[in-house]
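Please treat every number below as a calculation from the coordinates, not as lab data. Everything quoted here is computed from the prediction, not taken from an experiment.
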């Protein structure tokens, strides 16, 4: 007598394979979608961290006075008196060498502008900036002015800006308060 599989054994094997393959493919597709979400969120975080650290360190270390317009001169100085405040953007700053620099709200981006270099976007084309807010306030005459900075950054390419699927979108909200050292 020949040793071989019976028809019932073959049908059971095919049924088991038929039940397990869809589950395995579903798990694989979920993992791939989650990996896409993680990659996009990682890129958004990397760009957001870069922008906020650059702005925070530049303002904290270099800014001496705060201005509401450019060129930054004594006519448009702001937040120099006690209990004063101003909301931008844009806000401009003078550094120790009397050169101005500032940050402007571009089209879906934050741009760095200065007297030495024309406007430069601080984010890539895959990041969209919205809700950019830059303001200053000063509590009293003997304390330095503080700058409030906030923005929302989200992943955006040709398709992802209009996506509603959660794995296609990634956004973070950043905010900080910076006290000037050299005011």
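Here are some notes:
- Principal axis dimensions, largest first and in whole angstrom, of the range 75-129 by Cα: 41, 26, 15
- Gaussian network model of the chain, Cα within-10 Å springs - most flexible of 22, 90, 71: 22
- The range 42-84 pair-distance distribution - Cα-Cα, 5 Å bins, rounded %: 5, 19, 16, 18, 17, 11, 8, 4, 1
- Rounded tilt (10° steps) of 7-62 against the dominant C-alpha axis of the chain: 10 degrees
- Entry for Rg/Rh (Cα atoms, Kirkwood Rh) (calculated from the structure that is shown) out of (i) 1.37; (ii) 1.92; (iii) 1.00: (i)
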